[in-house]
Amino acid sequence: MFSDVVFRCLNKGVWEGTMGYLNSVLSSSSQVHADDGPVSGGGLSQNGKFSYGYASSPGKRSSMEDFYETRIDGVHGEIVGLFGVFDGHGGARAAEYVKQNLFSNLIRHPKFISDTTAAIADAYNQTDSEFLKSENSQNRDAGSTASTAILVGDRLLVANVGDSRAVICRGGNAIAVSRDHKPDQSDERQRIEDAGGFVMWAGTWRVGGVLAVSRAFGDRLLKQYVVADPEIQEEKVDSSLEFLILASDGLWDVVSNEEAVGMVKLIEDPEEGAKRLMTEAYQRGSADNITCVVVRFFSDQTGAVGTSSNSIPIDHGIIPDRSSSDPST
């Protein structure tokens, strides 16, 4: 029945792309992390305006496709915070590549400070294009979501593709500042169909009956329909903005926005907050990798919060983190 529906709906090119994607995912090799347990860490910005923490675990899976980045840089005299969660599918290559290259491409952009929104959009598409060029084998295809937060002065710019999500706590309230990109959303479905693709139900709504997100990095065989154009939202950092949560769908599949904010609100140390979310998702039966990043903002600029003994004060750059993860979403 599946093939009958597909052949009725699809032209030959779309069908070949769909089958190629399926074959590449099914044949994708995974580096198993059977001995890897959860990792966590965190730090405080040099200017004392924010602290952050992360926690990441393969969860109930034997392989790891989630990556994250927590980074502080000096750009044109500004202390800039860059945070991201990247959830791979079809292998870990795309997520790892995006982790390693997206923020570097962004801070090198000539308009990073003067027009940060345009710079973010350009960096997303540049990184996507360069990743696709790096994937030479026709038998390999991988993709990744991205949920990123860029802190420049009193501006917080959140961008995303896919279903990793960003939620803030402002004035005690949980507010989603990103939208999950799903194929059944009316505007996403229309965009996909206008490009010659289709959306169908296969356990959930999927692009070409295969992919459960409508935007992502990579996914070369579905690239015509699955774009890496980010949606970007800007928030003002003021006394009402308490903290930000970035997380892969391993959290959001089992924990609501309001529940996540309620848990973190009670924990001053962002690393401990991220660990709390990760543990809760696991205990609720999340079947996916789980990665959480929490950023806390300080209006008094003192940075006087509790930090755990293995939090890392930052002097010059990137927090050491999991840089050798590999496969399964």
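Going Cα to Cα from LYS99, which lysines come in below 26 Å? Please leave out same-chain ones fewer than 8 positions away. LYS99 reaches LYS49, LYS60, LYS111, LYS133, LYS182, LYS223, LYS236, LYS275. Counting Lys and Arg as +1 and Asp and Glu as -1, each charge on the Cβ, what is the dipole of the stretch 142-187 about the Cα centre in debye, to the nearest 20? It comes to approximately 160 debye. Taking the Cα centre of the stretch 95-154 as reference, the dipole from Cβ charges on Lys and Arg (+1) and Asp and Glu (-1) amounts to some 120 debye. Shown is the FRET efficiency for ARG108 and GLN185, computed with R0 = 41 Å from the Cβ-Cβ distance and rounded to the nearest 0.05: 0.80. Were the residues from MET263 through SER240 laid out at 0.36 nm apart, the gain over their Cα-Cα distance would be 6.5 nm. As a proxy for reagent exposure, VAL237, VAL98 were ordered by neighbouring Cβ count within 10 angstrom, fewest first; the result is VAL237, VAL98. Once both labels are positioned 7 Å from their Cα atoms along Cα-to-Cβ, the gap between ALA176 and THR204 label points is 1.3 nm. The modelled label-to-label distance for the pair GLN100/ASN136, using points 7 Å beyond Cα in the direction of Cβ, is 1.5 nm. Here the extension length gained between GLN46 and ASP253 equals 71.1 nm, from 0.36 nm per residue of separation less the Cα-Cα distance.
No value in this document is a laboratory result; all are computed from the given coordinates. Keep in mind that what you see is a predicted model, and the values were worked out from it rather than measured. Every residue, glycine as well, gets a Cβ built from its backbone with ideal geometry; the counts of neighbours run over all protein chains shown.
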